[in-house]
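Chemist: To start, I am sharing the structure in question, which I have written as structure tokens.
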Amino acid sequence: MFAELGHFALILAFGVAIVQSVVPQIGAARGWRGWMALAQPAATAQFGLIAISFAALTWAFMTSDFSVKLVWENSHTDKPMLYKVSGVWGNHEGSMLLWVLILALFGAAAAWFGGALPARLRARVIAIQGMIGATFLGFILFTSNPFARLATPPFNGQDLNPLLQDPGLAFHPPFLYLGYVGLSMAFSFAVAALIEGRVDAAWARWVRPWTLAAWVFLTIGIALGSWWAYYELGWGGFWFWDPVENASFMPWLLAAALLHSAIVVEKREALKSWTILLSIMAFGFSLIGTFIVRSGVITSVHSFASDPSRGIFILVILAFFVGGALTLYAARAGAMQARGVFSMVSRESALVVNNILLAVSALVVFVGTIWPLVAEAALGRKLSVGAPFFEKAFTPFMIVLAVMLPIGAMLAWKRAHPGRVLKVLAVPAVLALALAGLAWSVGTGRSLVAPVAVGLGAWLAFGALADLASRTNGRAGRLFRLPGADWGKAVAHSGLGVAFIGIGLLTAWQQEVIKVVDIGESFEIGGYTVTLDAVDQVQGPNYTSTRATMTYARDGVVQATLYPEKRIYPVQAMPTTEAAIDSRPLRDVYLVIGDPQEGGGWAVRAYLKPFAMWIWTGCGLMALGGLISLTDRRLRVAAGARRAAARPQPAE
């Protein structure tokens with residue numbers, strides 16, 4: 001009953017999305033206000049219908065309705081409720097339903113909160129969102145129906161992939177999709193602006209909060225995925241340059257570039273064509289990520305599906321939207337002429353350099369991700385592109401970006417005097433060099449990675465604070481009256497600096513011990529004594545576990561007792577590694593229990609990971625900075641929009 005209701009609601013949503021994509025667009029072209037006004041109720045109705053469909057599927061998972069094929073394939077009666085719910089999106093069909101739910105939510109949000117937008121632009125934005133929704137709803141209904149029934153319901157299900165039965169992975173996909181799909185709003189605004197032939201400061205002000213929200217969600221989603229890989233997979237790393245990791249990282253880089261370029265459009269009426277192109281490509285790379293995850297062309301622990309026919313369908317969608325938008329862009333590029341002029345030394349120029357570095361970085365990641373496919377198709381050779389390539393090709397651009405960021409953030413618009421900026425940044429530069437020297441001396445000169453990372457991270461953080469202080473003109477009371485965007489920028493740039501420090505010190509100073517240990521035996525790592533006290537068999541709700549009891553001490557004083565596990569999920573007969581981690585501000589002690597050895601004892605891995613939590617603290621600060629910026633009155637959609645809408649403007 002509920003499954004049929006969900007399926008029927010999905011079909012109705014498909015019909016509503018088609019109406020939403022056609023009628024408001026015709027109304028905008030002909031100036032028919034009634035037709036344009038249909039966009040708002042259509043967007044709301046589409047969201048409501050998809051929400052009903054999603055709720056029906058969630059109910060099927062919660063009640064273990066194994067007559068629904070998707071529930072049978074991805075759930076089990078013994079599974080904890082959290083993972084029954086997360087099982088809704090822990091598969092291809094359910095995750096696509098979540099995808100279109102979020103897409104409809106953004107379209108409805110534009111209808112609910114876009115009252116200050118010009119009527120034509122609003123109608124076109126919502127119509128383009130409806131067109132994207134209609135396409136993906138059709139994809140779900142015709143190739144990936146989540147409500148398909150089984151003729152003979154089995155007694156129990158096949159369980160969810162054990163790797164996905166983790167809190168980090170329960171929340172990682174929704175945040176990631178909020179970021180992926182949120183970039184569709186930038187795309188819709190770009191295409192709507194191209195149709196109207198007008199890109200101006202008001203347009204940039206409207207598109208920035210949507211892009212910023214998407215970037216914040218992407219940041220949180222990527223950080224959650226990285227954190228999960230760190231503690232769940234048991235390999236001790238936080239980023240593997242896996243193709244699916246890269247698929248989320250590329251839109252994040254392009255969204256960051258878009259945020260900065262939109263500032264130039266808003267402030268100086270420059271970089272219009274480039275900003276429109278970034279809006280198209282940021283969402284385009286989100287669609288590329290959807291293709292990589294669901295086509296089966298690249299093998300990954302994160303992949304949902306391996307059906308080439310579905311991949312071809314998504315490829316057609318990608319070609320239609322991105323190809324169509326780029327064709328429209330080419331036709332309108334001549335009309336988007338820049339008004340503002342600026343010198344080589346100015347904030348505009350610094351933001352251009354920022355955009356080039358971010359865009360080229362995304363291109364490097366794309367080439368490294370897609371090259372194995374190209375090599376196999378064109379040369380017939382199986383190649384792999386791993387961390388060494390990305391670290392050597394990607395890192396230099398990030399170093400230059402980190403050096404430029406504090407300087408560019410403080411340069412004046414149009415024409416700047418660098419001497420004034422460098423004078424303000426003298427103290428941050430000295431502090432950064434001093435901390436880099438400290439990192440070099442503590443590391444006994446064994447690697448440049450640590451001092452460079454610490455120096456750059458400190459330069460970013462102290463530079464952001466100096467920028468904030470300079471805006472008060474020496475009056476401390478003005479600090480808390482600064483706009484939210486100023487605070488948000490400082491917090492986000494500081495967060496990037498903290499992440500730099502964490503990544504650099506973890507990479508350069510981590511220690512590892514792999515050995516066979518008998519119960520009661522101890523070993524040393526980084527000045528700590530680790531003891532394997534016991535190994536027990538433990539029964540979980542839907543797994544059996546080999547759980548070790550391990551203590552670690554320093555100078556004879558026990559610091560903590562940890563319980564690493566190796567779990568077996570009997571339904572899928574799949575093992576997982578559950579690392580035990582004692583996280584502290586300056587270091588993590590990371591312990592993993594392996595298999596029993598023929599000669600006696602247990603395989604054990606131990607890592608000492610300095611400043612590991614600084615990586616995710618930095619990511620959290622970046623996301624927090626974005627949220628603070630969203631509180632700025634000037635970034636709200638309504639800010640200044642009514643004045644801009646009331647003032648006729650020529651095509652740009």
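Chemist: Pick from region 45-66 the residues that are aliphatic (A, V, I, L, M) and in contact with a helix residue (DSSP H, G or I) (Cβ under 6 Å, 6 or more places away or on another chain): which of them is nearest to THR77 (Cα to Cα)?
Modeler: MET62
Chemist: Here are the criteria: (1) more than 30 Å from the chain's Cα centre (by Cα); (2) touching a residue at least 24 places away in the same chain (Cβ under 8 Å). Tell me which single one ILE503 does not satisfy.
Modeler: (1)
Chemist: Moving on. Of (1) in contact (Cβ under 8 Å) with a residue 40 or more places away in the chain; (2) under 20 Å from ASP588 (Cβ atoms); (3) surrounded by fewer than 16 Cβ atoms within 10 Å (Cβ to Cβ); (4) β-branched (Val, Ile, Thr), VAL530 satisfies all except one. Which?
Modeler: All conditions pass for VAL530, except number (3).
Chemist: Within region 369-406, can you find the residues that are among the small types (Gly, Ala, Ser) and either farther than 25 Å from HIS260 by Cα or modelled with pLDDT under 85 (or both)?
Modeler: Those that are among the small types (Gly, Ala, Ser) and either farther than 25 Å from HIS260 by Cα or modelled with pLDDT under 85 (or both): ALA375, ALA377, ALA378, GLY380, SER384, GLY386, ALA387.
Chemist: Shifting gears a bit: Of the residues that sit in region 80-121 and are within 21 Å of the chain's Cα centre (by Cα) and of a type in the set (Gly, Ala, Ser), which one is modelled with the lowest pLDDT?
Modeler: Ranking the qualifying residues of region 80-121, first place goes to GLY90.
Chemist: On the basis of being hydrophobic (A, V, I, L, M, F, W, C) and crowded, with 24+ Cβ neighbours inside 10 Å, does ALA190 make the cut? So that I can check it myself, show each step before the final result.
Modeler: Numbers: hydrophobic (A, V, I, L, M, F, W, C): yes; crowded, with 24+ Cβ neighbours inside 10 Å: yes.
So ALA190 fits the description; yes.
Chemist: Condition first: under 15 Å from THR395 (Cβ atoms) and either among the charged types (D, E, K, R) or in a loop (DSSP other than H, G, I, E, B) (or both). Now tell me which residues in region 443-462 satisfy that.
Modeler: SER447, LEU448
Chemist: Which residues, counting only those in region 208-238, are in contact (Cβ under 8 Å) with a residue 60 or more places away in the chain and not in a helix (DSSP H, G or I)?
Modeler: LEU233, GLY234, GLY236, PHE238
Chemist: Tell me yes or no: at least one residue of region 79-100 is in contact (Cβ under 8 Å) with a residue 60 or more places away in the chain and of a type in the set (D, E, K, R).
Modeler: Among the residues of region 79-100, at least one is in contact (Cβ under 8 Å) with a residue 60 or more places away in the chain and of a type in the set (D, E, K, R), which makes the answer yes.
Chemist: Filter region 174-206 for residues that are closer than 20 Å to ARG332 by Cβ, of a type in the set (Val, Ile, Thr) and in a helix (DSSP H, G or I) and give the result.
Modeler: VAL191, ILE195
Chemist: Starting from residues that are hydroxyl-bearing (Ser, Thr, Tyr) and not in a helix (DSSP H, G or I), keep the ones in region 494-529 and report whichever is nearest to THR395 (Cα to Cα). Can you show your working first?
Modeler: Keep residues of region 494-529 that are hydroxyl-bearing (Ser, Thr, Tyr), which gives 494, 507, 522, 528-529.
Imposing the further condition that a residue be not in a helix (DSSP H, G or I) reduces the set to 522, 528-529.
Values: SER522: 39, TYR528: 33, THR529: 35 Å.
This residue is TYR528.
Chemist: Sticking with this structure for a sec: Looking at VAL454, is it out of contact with any His (no Cβ under 9 Å at 6 or more places or on another chain), surrounded by fewer than 14 Cβ atoms within 10 Å (Cβ to Cβ), under 17 Å from GLY497 (Cα atoms) and at pLDDT 95 or above?
Modeler: Answer is no for this residue.
Chemist: In this structure, does PHE147 turn out to be of a type in the set (Phe, Trp, Tyr), crowded, with 22+ Cβ neighbours inside 10 Å and either over 27 Å from GLY225 (Cα atoms) or over 26 Å from the mean Cα position of the chain (by Cα) (or both)? So that I can check it myself, show each step before the final result.
Modeler: On the way: of a type in the set (Phe, Trp, Tyr): yes; crowded, with 22+ Cβ neighbours inside 10 Å: yes; either over 27 Å from GLY225 (Cα atoms) or over 26 Å from the mean Cα position of the chain (by Cα) (or both): yes.
Yes; evaluated as a whole, the condition is true for this residue.
Chemist: Hey, any hits in region 483-493 for a residue that's acidic (Asp, Glu) and within 30 Å of ALA402 (Cα to Cα)?
Modeler: yes
Yes/no matrix, rows are residues, columns are (1) part of a helix (DSSP H, G or I); (2) within 27 Å of the chain's Cα centre (by Cα); (3) in contact (Cβ under 8 Å) with a residue 60 or more places away in the chain:
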residue: TYR329; (1), (2), (3): yes, yes, yes
residue: ARG332; (1), (2), (3): yes, no, yes
residue: LEU357; (1), (2), (3): yes, yes, no
residue: VAL365; (1), (2), (3): yes, yes, yes
residue: ILE370; (1), (2), (3): yes, yes, no
residue: GLU376; (1), (2), (3): yes, no, no
residue: LYS392; (1), (2), (3): yes, yes, no
residue: PRO396; (1), (2), (3): yes, yes, no
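Chemist: Looking at region 533-541, is at least one residue surrounded by fewer than 21 Cβ atoms within 10 Å (Cβ to Cβ), of a type in the set (Gly, Ala, Ser) and in contact (Cβ under 8 Å) with a residue 60 or more places away in the chain?
Modeler: no
Chemist: Still on this structure, I have one more. Restricting to region 240-265, what's the tally of residues that are of a type in the set (Phe, Trp, Tyr) and either without any contact (Cβ under 8 Å) to a residue 24 or more places away in the chain or touching a Phe, Trp or Tyr at 6+ places or on another chain (Cβ under 8 Å) (or both)?
Modeler: Residues in region 240-265 being of a type in the set (Phe, Trp, Tyr) and either without any contact (Cβ under 8 Å) to a residue 24 or more places away in the chain or touching a Phe, Trp or Tyr at 6+ places or on another chain (Cβ under 8 Å) (or both): 2 in total.
Chemist: Let me ask something else about it. Kindly establish whether THR135 is among the hydroxyl-bearing types (Ser, Thr, Tyr), on the phi < 0 side of the Ramachandran plot and outside any helix (DSSP H, G or I). Break it down stepwise before answering.
Modeler: Numbers: among the hydroxyl-bearing types (Ser, Thr, Tyr): yes; on the phi < 0 side of the Ramachandran plot: yes; outside any helix (DSSP H, G or I): no.
When the stated conditions are applied, THR135 does not pass them.
Chemist: Inside region 1-118, counting only helices (runs of 4 or more DSSP H) that do not spill past its ends, which hold 2 or more residues that are closer than 17 Å to ILE132 by Cβ and in the same structural domain as PHE142 (by TED's automatic domain parsing)?
Modeler: Ranges flagged: 2-30, 39-62, 92-113.
Chemist: Select from region 165-197 the residues that are modelled with pLDDT under 90 and of a type in the set (S, T, N, Q) and list them in ascending order.
Modeler: Within region 165-197, just GLN165 meets the criteria.
Chemist: Restricting to region 599-620, count the residues that are within 27 Å of the chain's Cα centre (by Cα) and at positive phi.
Modeler: Matching residues across region 599-620 total 1.
The values are calculated or read from the model by the stated rules, or taken from the named source; none is laboratory data. Model, not experiment: these values are computed from the prediction. Counting neighbours? That spans all protein chains shown, and the Cβs are built from the backbone with ideal geometry, glycine included.
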